[in-house]
Amino acid sequence: MVPDTPRSRSLRRRDRRVLWHPFTQQRGWEGEEFPIFESGGGCWLVDSDGHRYLDGISSLWCNIFGHRVPAIDRAIRRQLDRLAHSTFLGSSHEPGIALAEELLRIAPRGLRRVFYSDDGSTAMEIALKMAFQFWRQSPDAGAADRRARNSFLTLGEAYHGDTIGAVSAGGFDLFHAAYRPLLFRTWKVPPPLAYRTRGVSWPEGCRVAALRAMEEVLRKHGRGIAAVVIEPLIQGAAGMLTQPPGFVRGVRRLCDRYDTLLVCDEVATGFGRTGKMFACDHERVTPDLMTVAKGLTGGYLPLAATLTTERIYRAFLGGYEEKRTFYHGHTYTANPLACAAARATLAEFRRRGTLERLPALVGHLRRRLAGEIAPLRHVGEIRQCGLMVGIELVDDRKTGRPYPFKARMGHRVILVARTFGVFLRPLGDVIVLMPPLSISKKQIDLLVGVTAEAIEEATGD
Ligand SMILES: Cc1ncc(COP(=O)(O)O)c(C=O)c1O
């Protein structure tokens, strides 16, 4: 139970007086207890009363090797002793240069340029703007292309961030509907879902149906589409919606066939989360633009990047007076402290042999979920991709009937889990498990065991 000591009480009171939290109905917040985290170590967070919580969502999907990783701490301190920040507009620095070199070494083959920004949303804005501007000034684009490539093809229920461009490319009504009058138009096709697509068998039928829908739009409107935008392998914020094998490769083929660009948003999936360094690696796909953020700095500091090919880059070259420049940049672009944290994170991947160790962890998690969560009466489906998991709760498993929105069943489950020392955040009635990649098998047992108990208690199973 979250305790109510005078110090915590006072901090909560001050929080409620001055703050407005992200994705939070503040009316509920005002009446709710919440932990105030003050320290951490490994996969654990410690609150203002000294209670420990297993960080079951990697501090919103960004932590990779746990908290207070000595090598990352040291790298940031070393950089701090030299220079905390200088601009990337008109100057450069070694942490930014070296990190770009390292990113290109591990990125899908063919990605050759790195453009830094601050978070997943800005990385996506940049990808969208680059794709749009590419067609306006590419030497291989005809006059028609220059005028017409004004739209994007995106997936239903997509989430690419909260800035207006990223929201336009999104398709998640709960978050996005309010802003519709402000958004630019995109073509949307339904994501390849077995569970919610009646009459289509998993996985082949789903893949084929989704690719057909995409092809239909590309055939009719392809000349007006600057890029197809997807989250590869799994649509995270929509509720961990996994895609059938071959889908990403199929999208790449369609983009080639209909001569449009492919943007892969690896903000959530990048840096080992799906079992390989990038989700695109599973299908050996190179997108034309790829965005990364979250795990890039191991979960330490805000930093993002949009990676692209030489073909796109070259379309922006020209004389000053030609105005082909990519007029975009942020104050903290390539912040050296964040770049140092990112370089240390990539070094930890190599030192620990993380990617080689992941399959055993992923398999262990899969077995525990099958043994403890799948049999529960109110679990409709478990979707897993690497160490990304969504557990969909339903009121009636036979019909798939969801709980009423008002019931906030997902929220109720995570509140119970918290009393057992596991910190989670749901997506509606989907319980998300996304632990740091450094989690041990024993900690996975705790994470799954507590989640099962919390589901049982909250649903009255
Ligand atoms: C796939 C994806 N793209 C983009 C974003 C936006 O990233 P940020 O919150 O860093 O702006 C997120 C955030 O969850 C995401 O999951």
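The values are calculated or read from the model by the stated rules, or taken from the named source; none is laboratory data. From a predicted model like this one, the values you see are computed outputs, not experimental measurements. Note that each Cβ is placed from the backbone with ideal geometry, even for glycine, and that neighbours are counted across all protein chains shown.
Overview of values
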| read-out | value |
| --- | --- |
| Filter result (buried (at least 23 other Cβ atoms within 10 Å of the Cβ) and assigned to a loop (DSSP other than H, G, I, E, B)) within region 44-65 | 56, 62, 63, 64, 65 |
| Test: residue in region 6-19 that is within 27 Å of the chain's Cα centre (by Cα) and at pLDDT 95 or above | yes |
| Odd one out for residue 14 among (1) outside the structural domain of residue 335 (by TED's automatic domain parsing); (2) assigned to a loop (DSSP other than H, G, I, E, B) | (2) |
| Residue list for region 280-295, filter: within 10 Å of the ligand (Cβ to nearest atom) and not in a strand (DSSP E or B) | 293, 294 |
| Residue 143, sole failed condition from (1) surrounded by 20 or more Cβ atoms within 10 Å (Cβ to Cβ); (2) closer than 30 Å to residue 321 by Cα | (1) |
| Test: residue in region 380-394 that is without any contact (Cβ under 8 Å) to a residue 24 or more places away in the chain and more than 22 Å from residue 41 (Cβ to Cβ) | yes |
| Residue match in region 306-324 (condition: within 15 Å of the ligand (Cβ to nearest atom) and surrounded by 24 or more Cβ atoms within 10 Å (Cβ to Cβ)) | yes |
| Of residues in region 301-353 being without any contact (Cβ under 8 Å) to a residue 60 or more places away in the chain and among the aliphatic types (A, V, I, L, M), the one farthest from residue 72 (Cα to Cα) | 317 |
| Subset of region 420-457 (residues that are among the small types (Gly, Ala, Ser) and crowded, with 24+ Cβ neighbours inside 10 Å) | none |
| Selection count, region 80-129, where residues are within 16 Å of the ligand (Cβ to nearest atom), hydrophobic (A, V, I, L, M, F, W, C) and either free of Cβ contacts under 8 Å to residues at least 12 places away in the same chain or part of a helix (DSSP H, G or I) (or both) | 5 |
| Failed item, numbered, when residue 172 is tested on (1) under 28 Å from residue 317 (Cα atoms); (2) within 16 Å of the ligand (Cβ to nearest atom) | (1) |
| Test: residue in region 206-228 that is β-branched (Val, Ile, Thr), within 14 Å of the ligand (Cβ to nearest atom) and either under 19 Å from residue 141 (Cβ atoms) or not in a strand (DSSP E or B) (or both) | no |
